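Notes to accompany the following structure.
The values are calculated or read from the model by the stated rules, or taken from the named source; none is laboratory data. These figures come from a predicted structure and were not determined experimentally. Glycine gets a Cβ as well: all are built from the backbone with ideal geometry, and neighbour counts include every protein chain shown.
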Amino acid sequence: MPGDESLVEGERFVLRLHPHWKTVLRPLLLLLVIMVVAAVLLVILPTGHNMNVARLGIGVVALLAALIWTAVPLLRWRTTTYELTTRRLRLRRGILSRQGRDFPLIRISDVSFSHGLVDRMLGCGRLVVESAGEHGQLVLTEIPEVEKVQASLFQLVEDEQARLAREER
């Protein structure tokens, strides 16, 4: 798995997720609207040689709108990852520059989830991770299969606590 060089000795990846696909639904619908509006404008534009500049303008505006309102959110979705290892919860995001945040499993005191009716139908939800220390609570939204992620994270926290207890003896 890419990124293995960033793991410490004895650590391994358990789960790697992107936000749920529903986060890209709005940008894809906007792309459809942009395409339809551009097509309609091109069709209703009168024919003639002097309308080429207007046609080009419509195309440029449609392309810029698609890049801003569709491509950027899709790239943001694709470059956002939630990684669960045997030692920590890792958050990574960023298109041109990357940002990361790691939560050692040993500092996690509680893991809970919630999801409404629509989220239940789509198979996603909100994960709340309580952490000892200055950061307190971490809320992650649009987590796919949130119940399984919560159960896995809870089990890994218990396993890490047991591993550290064995090392102390």
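For this structure, a couple of remarks:
A quick yes/no check of all residues on (1) under 25 Å from residue 21 (Cα atoms); (2) modelled with pLDDT of 90 or more:
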site: 114; (1), (2): yes, yes
site: 117; (1), (2): yes, yes
site: 124; (1), (2): yes, yes
site: 132; (1), (2): no, no
site: 137; (1), (2): yes, no
site: 149; (1), (2): yes, yes
site: 153; (1), (2): yes, yes
site: 161; (1), (2): no, yes
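Quick grid of which residues meet (1) more than 17 Å from the chain's Cα centre (by Cα); (2) more than 15 Å from residue 83 (Cβ to Cβ):
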{"residue": "126", "(1), (2)": "no, yes"}
{"residue": "132", "(1), (2)": "yes, yes"}
{"residue": "136", "(1), (2)": "yes, yes"}
{"residue": "144", "(1), (2)": "no, no"}
{"residue": "151", "(1), (2)": "yes, yes"}
{"residue": "154", "(1), (2)": "yes, yes"}
{"residue": "158", "(1), (2)": "yes, yes"}
{"residue": "162", "(1), (2)": "yes, yes"}
{"residue": "166", "(1), (2)": "yes, yes"}
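- Only listed residue being out of contact with any Leu (no Cβ under 9 Å at 6 or more places or on another chain) and part of a loop (DSSP other than H, G, I, E, B), chosen from 5, 11: 11
- Filtered residues of the stretch 142-169 (kept if touching a residue at least 60 places away in the same chain (Cβ under 8 Å) and either in contact with a strand residue (DSSP E or B) (Cβ under 7 Å, 6 or more places away or on another chain) or of a type in the set (A, V, I, L, M, F, W, C) (or both)): 142, 143, 144, 149, 152, 153, 156
- Checking each residue in the stretch 117-133 for being within 18 Å of residue 90 (Cβ to Cβ) and charged (D, E, K, R) picks out only 130.
- Close pairs (7 angstrom Cβ cut-off, 6 or more residues apart or separate chains): surrounded by 14 or more Cβ atoms within 10 Å (Cβ to Cβ) in the stretch 77-106, of a type in the set (Gly, Ala, Ser) and not in a helix (DSSP H, G or I) anywhere: 79/94; 90/100; 91/100; 92/100; 103/131
- Among the residues of the stretch 36-51, the ones that are assigned to a helix (DSSP H, G or I) and modelled with pLDDT under 90 come to 3 in all.
- Of all residues in the stretch 56-76, those being over 20 Å from the mean Cα position of the chain (by Cα) and loosely packed, with under 14 Cβ neighbours inside 10 Å number 6.
- When residues in the stretch 107-125 are screened for being surrounded by 14 or more Cβ atoms within 10 Å (Cβ to Cβ) and more than 15 Å from residue 155 (Cα to Cα), 6 of them pass.
- Filter result for residue 81 (at pLDDT 95 or above and within 30 Å of residue 157 (Cβ to Cβ)): yes
- Residues within the stretch 22-51 that are without any contact (Cβ under 8 Å) to a residue 24 or more places away in the chain, surrounded by fewer than 16 Cβ atoms within 10 Å (Cβ to Cβ) and of a type outside the set (S, T, N, Q), tallied: 15
- Boolean, residue 33 is of a type in the set (Val, Ile, Thr) and assigned to a helix (DSSP H, G or I): yes
- Looking across 54, 71, 65, one residue alone is farther than 24 Å from residue 95 by Cα and not β-branched (Val, Ile, Thr). It is 54.
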